[in-house]
2 protein chains.
Amino acid sequence: MSKNVLNFIQENRTNHLNELIEFLRIPSISALSDHKGDVRKAAEWTVESLKEAGLTSVELMETPGHPVVYGEWSSAKNTHTILIYGHYDVQPVDPVELWDSPPFEPVIHDEKLYARGASDDKGQTFMHIKAVQALLKANGELPFNVKFLIEGEEEIGSPSLDSFVEENKERLAADVLLISDTPMLGKGRPAVCTGLRGMCSLQVDLKGAKGDLHSGLYGGAVQNSVHALVQLLGTLRDENGRIQVKGFYDNIIEPTEEEREVYRELGDYEAELKGELAVQELFGEEGYSAREQTWIRPTLEINGIYGGFQGEGVKTVIPSEAHAKITCRLVPGQDPVEITQLIEKHLDAHTPPGVTLTTTPFDKGMPFLAPTDHPAFKTATDAYEAAYGEPALFTRMGGSIPVVETFDQVLKMPILLMGFGLPSENFHAPNEHFHLENYDKGLETLINFWETLSFDQ
Amino acid sequence: MSKNVLNFIQENRTNHLNELIEFLRIPSISALSDHKGDVRKAAEWTVESLKEAGLTSVELMETPGHPVVYGEWSSAKNTHTILIYGHYDVQPVDPVELWDSPPFEPVIHDEKLYARGASDDKGQTFMHIKAVQALLKANGELPFNVKFLIEGEEEIGSPSLDSFVEENKERLAADVLLISDTPMLGKGRPAVCTGLRGMCSLQVDLKGAKGDLHSGLYGGAVQNSVHALVQLLGTLRDENGRIQVKGFYDNIIEPTEEEREVYRELGDYEAELKGELAVQELFGEEGYSAREQTWIRPTLEINGIYGGFQGEGVKTVIPSEAHAKITCRLVPGQDPVEITQLIEKHLDAHTPPGVTLTTTPFDKGMPFLAPTDHPAFKTATDAYEAAYGEPALFTRMGGSIPVVETFDQVLKMPILLMGFGLPSENFHAPNEHFHLENYDKGLETLINFWETLSFDQ
């Protein structure tokens with residue numbers, strides 16, 4: 001980091017943290033309509049913050065839900081552009097009695113800043129604003145153009161974002177998208193998330209006789225829908241946990257041996273996981289570590305099952321109907337539509353006699369795989385290393401981040417997930433906090449990134 | 001039937017039917033506390049009816065629930081005794097709007113008597129009283145002693161009867177127990193039911209991780225309780241419907257070839273059953289007809305299953321718990337305690353890794369098999385034949401009648417199930433009725449039985 005930028009952030013550290021505390025005092029809970037005004041207040045605060053940072057076109061843009069804040073600075077000599085996404089809304093705070101201090105009265109304790117949104121995602125969004133501000137104030141310019149897209153509905157599934165992005169595709173055009181909303185591996189262990197799992201889902205319904213039957217009068221001569229369902233669903237997986245749907249694994253883009261080597265070097269996760277989940281043993285596909293099973297391998301889970309009598313004791317009934325819900329987590333190479341069809345085909349082929357099958361597909365989401373050969377990725381790990389003394393590792397996440405999928409599909413640019421939160425920082429839970437070590441080193445990392453990025457590497 | 005007895009019943013037919021109508025007017029619904037007084041009124045009516053029939057010791061005996069009516073006549077030269085069981089309580093009448101005439105305002109229409117209880121079981125109990133009365137009035141005596149046990153809680157599962165029978169074991173001692181509460185095969189097709197299926201039941205609970213898990217973060221590395229449950233329950237039955245629990249079929253007392261010949265001669269039941277249940281195809285154990293599958297073969301049914309998310313749409317959760325309810329219908333030779341243990345052992349041996357199994361046994365009931373070589377059985381079929389022109393066939397029922405099991409276990413005497421109702425007579429449903437043809441021929445059958453029975457055959 002160049003001297004003048006370092007001076008700026010060091011001299012202004014206290015002021016900036018006070019600004020962040022001010023931002024965190026706004027209870028911008030997007031899920032609760034009572035807080036609609038607060039969410040808007042946080043949007044307006046963000047507008048002012050972007051203006052103060054030196055951005056030239058800053059706008060509060062209306063959506064059918066909470067507003068989007070947009071800002072840009074486009075006077076760079078190099079015409080490449082960095083797009084930065086973040087969100088100013090936060091999760092609800094229940095159960096509020098479990099917080100050691102009120103969620104919207106930020107306190108710094110033991111070099112950690114406690115408040116709802118401190119890490120997810122006001123703190124991390126704020127760092128991006130301050131990094132840009134530091135560069136602009138110290139140098140009078142940025143090495144590249146910048147665009148900020150800061151939304152207020154991330155914690156409720158970004159319902160307005162898909163169409164916003166679609167409608168503002170040209171305005172949002174850039175060369176790389178930078179997001180800080182994923183965790184590091186741990187204290188002092190930076191990570192760039194390079195892959196997310198996608199999803200497909202469906203409802204399975206079996207129907208046998210026209211109504212529930214007396215098990216004495218009819219039992220033995222007619223199919224039992226629940227029994228048929230357990231037999232049908234039992235065919236989906238073998239006893240080792242491998243999915244038996246034909247073609248399920250066919251198009252997976254296998255991670256490189258290099259990637260797997262990185263995952264192996266992260267060390268044993270199994271013991272920790274067993275303790276966390278309170279299970280005697282783990283269960284997963286053979287040949288993969290627990291980390292790999294959740295990061296790079298697909299799943300097929302029965303999320304719910306129901307049919308027949310669920311009350312106390314017994315009822316001698318042959319259930320007419322049986323139901324189940326299935327979701328898959330998909331990895332790069334798997335297409336949600338195709339996988340859904342393969343599952344439907346499998347179910348259809350394995351339905352026992354005497355029942356009728358209906359399948360209803362639900363939500364789908366594409367898996368995400370970052371183009372780690374893009375120069376920005378190497379710049380990012382170096383930027384982390386300069387700040388932390390450790391390069392960022394390329395890791396993955398087992399879950400999905402719907403906005404990432406939207407950006408990937410619509411904006412078609414490399415997406416760089418540079419997180420600064422720690423897994424232990426209680427996102428979405430009581431006593432959310434943010435380690436100031438990662439505020440400082442993160443700011444340094446971001447400035448390093450801005451200063452060293454070259455699109456011609 | 002001897003002339004003088006015939007004269008008595010013919011001369012008194014109208015009076016007797018009017019008496020029965022009076023009996024049916026009493027809304028003795030044992031399930032509804034509002035009708036407690038009516039149930040008692042029906043018990044008192046029964047006391048009077050037994051007295052009028054000429055029984056000498058008639059008593060209304062209190063129980064913790066509704067009273068039992070007991071009566072006997074013990075002056076026979078032959079010291080053998082016939083015990084007759086019936087019940088004076090009836091089922092509720094909902095939905096009452098579906099009745100063509102009010103359930104407690106009996107009407108005779110087209111030689112059928114319509115009223116709640118007309119067939120089940122006031123009508124059939126009344127016939128036994130009138131048969132004894134006819135013999136006593138015409139001959140001044142009975143060929144054997146008689147004891148009547150008429151209860152008021154059959155339609156609510158006879159909660160007081162077990163201990164009543166146990167406490168009055170000696171008073172109830174007899175050589176044969178006669179019950180008329182099972183259906184004939186059809187119009188003009190009498191039947192003696194010689195076997196009932198028993199039952200055992202259990203709850204199956206699986207527990208995996210300490211709570212429901214996020215399928216993105218953990219999916220692939222940990223057992224899913226619902227998936228484990230479907231795989232576990234899937235092992236209980238093969239694809240042809242044969243139960244895979246080791247030893248399940250081992251001790252079955254196979255019916256004789258003669259019995260199976262009778263069942264075959266009853267004709268095809270499959271087409272009728274498919275229509276009744278509205279299914280494209282039936283499903284059951286190979287090598288047995290639908291009738292045999294429900295009468296002489298055991299079952300294992302999953303009566304209910306539940307776990308995870310049951311709402312609309314999907315929820316990406318890995319359920320921590322999964323539950324199922326199982327009941328078996330058991331046939332003679334199978335012991336409910338033993339079968340329960342075999343199932344528990346099977347489940348224990350097949351539980352997938354990563355989950356903990358708990359099984360909780362519930363209700364049990366012994367299967368019932370009548371000693372058809374006892375002379376009373378031949379007497380009964382002949383008695384039917386003399387009245388109907390058709391001998392009664394020895395058939396079975398797929399369900400259980402708990403009182404029969406109690407009598408079988410405690411009183412240890414041959415139990416003769418001589419029914420006079422028709423399967424079409426809407427027991428427990430709106431427009432219950434009783435064919436007067438079976439009232440007349442049934443009375444004749446019972447008197448024939450009394451007159452021709454010999455314990456020395």
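The values are calculated or read from the model by the stated rules, or taken from the named source; none is laboratory data. Quick caveat: nothing in here was measured; it's all calculated off a predicted structure. Glycine also receives a Cβ, built like all others from the backbone with ideal geometry; neighbour counts cover every protein chain displayed.
If we only count helices (runs of 4 or more DSSP H) wholly inside the range B:160-250, which ones have 3 or more residues that are closer than 30 Å to residue B:78 by Cβ?
B:161-167
Applying the selection to the range A:164-195, what residues are among the polar types (S, T, N, Q) and modelled with pLDDT under 95?
Correct list: A:182 only.
Looking only at strands (runs of 3 or more DSSP E) that lie completely in the range A:100-159, which have at least 3 residues being surrounded by fewer than 20 Cβ atoms within 10 Å (Cβ to Cβ)?
So the answer is A:107-109.
Considering only the range A:19-46, how many residues are assigned to a helix (DSSP H, G or I) and either within 26 Å of residue A:72 (Cα to Cα) or touching a residue at least 12 places away in the same chain (Cβ under 8 Å) (or both)?
17
Given the condition facing chain B (nearest Cβ under 9 Å), small (Gly, Ala, Ser) and buried (at least 23 other Cβ atoms within 10 Å of the Cβ), answer yes or no: does some residue in the range A:209-217 qualify?
yes
Name the residues in the range B:218-241 that are surrounded by fewer than 16 Cβ atoms within 10 Å (Cβ to Cβ) and of a type outside the set (S, T, N, Q), would you?
B:238, B:239
Take the residues in the range A:413-457 that are at pLDDT 95 or above and among the charged types (D, E, K, R); name whichever of them is nearest to residue A:122 (Cα to Cα).
Top of the filtered list is A:432.
Tell me, yes or no, whether the range A:186-196 has at least one residue that is of a type in the set (D, E, K, R), more than 8 Å from chain B (Cβ to nearest Cβ) and in contact with a strand residue (DSSP E or B) (Cβ under 7 Å, 6 or more places away or on another chain).
no
Does residue A:181 satisfy the criteria of being surrounded by fewer than 24 Cβ atoms within 10 Å (Cβ to Cβ), touching a residue at least 40 places away in the same chain (Cβ under 8 Å), of a type in the set (D, E, K, R) and within 13 Å of another protein chain (Cβ to nearest Cβ)?
Criteria not met by residue A:181.
For the range B:344-457, which fully contained strands (runs of 3 or more DSSP E) count at least 3 residues that are away from every other protein chain (no Cβ under 14 Å)?
Strands (runs of 3 or more DSSP E) meeting the threshold: B:415-418, B:433-435.
Going by what's in this entry, would residue B:331 be described as facing chain A (nearest Cβ under 7 Å), more than 16 Å from residue B:347 (Cβ to Cβ), hydrophobic (A, V, I, L, M, F, W, C) and in contact (Cβ under 8 Å) with a residue 40 or more places away in the chain?
Here the answer is no, as residue B:331 does not meet what is asked.
Limited to the range B:67-90, what total is found for residues that are out of contact with any Ser or Thr (no Cβ under 6 Å at 6 or more places or on another chain) and modelled with pLDDT of 95 or more?
14
Among the candidates A:321, A:344, A:338, single out the residue that is touching a Lys or Arg at 6+ places or on another chain (Cβ under 7 Å) and acidic (Asp, Glu).
A:321
Just give me the residues in the range B:66-90 being assigned to a strand (DSSP E or B) and among the hydroxyl-bearing types (Ser, Thr, Tyr), in sequence order.
Correct list: B:70, B:81, B:85.
For the range A:224-252, which positions are over 23 Å from residue A:355 (Cα atoms) and not charged (D, E, K, R)?
A:240, A:241, A:243, A:247, A:248, A:249, A:251, A:252
Cβ contacts < 8 Å: first residue more than 10 Å from chain B (Cβ to nearest Cβ) and in contact (Cβ under 8 Å) with a residue 40 or more places away in the chain, restricted to the range A:237-251; second residue part of a loop (DSSP other than H, G, I, E, B) and of a type in the set (A, V, I, L, M), any location; separation 6+ or different chain. Result?
A:243/A:236; A:244/A:236; A:245/A:236
Pull up the range A:262-311, narrow it to residues that are among the basic types (Lys, Arg) and surrounded by 14 or more Cβ atoms within 10 Å (Cβ to Cβ), then point me to the one that is nearest to the other protein chains (Cβ to nearest Cβ).
My answer is A:297.
Yes or no: residue B:317 buried (at least 20 other Cβ atoms within 10 Å of the Cβ) and under 27 Å from residue A:360 (Cβ atoms)?
The answer is yes for residue B:317.
On the given criteria, is residue B:288 hydroxyl-bearing (Ser, Thr, Tyr), in contact with a helix residue (DSSP H, G or I) (Cβ under 7 Å, 6 or more places away or on another chain) and on the phi < 0 side of the Ramachandran plot?
Considered against the rule, which asks whether it is hydroxyl-bearing (Ser, Thr, Tyr), in contact with a helix residue (DSSP H, G or I) (Cβ under 7 Å, 6 or more places away or on another chain) and on the phi < 0 side of the Ramachandran plot, residue B:288 comes out as no.
Looking at the range B:256-334, what helices (runs of 4 or more DSSP H) fall wholly within it and have at least 1 residues that are more than 18 Å from residue B:399 (Cα to Cα) and among the basic types (Lys, Arg)?
By residue number, B:257-265, B:270-277.
Can you tell which of A:378, A:364, A:345 is over 30 Å from residue B:327 (Cβ atoms), in contact with a Cys (Cβ under 7 Å, 6 or more places away or on another chain) and touching a residue at least 40 places away in the same chain (Cβ under 8 Å)?
Unique residue meeting the criteria: A:364.
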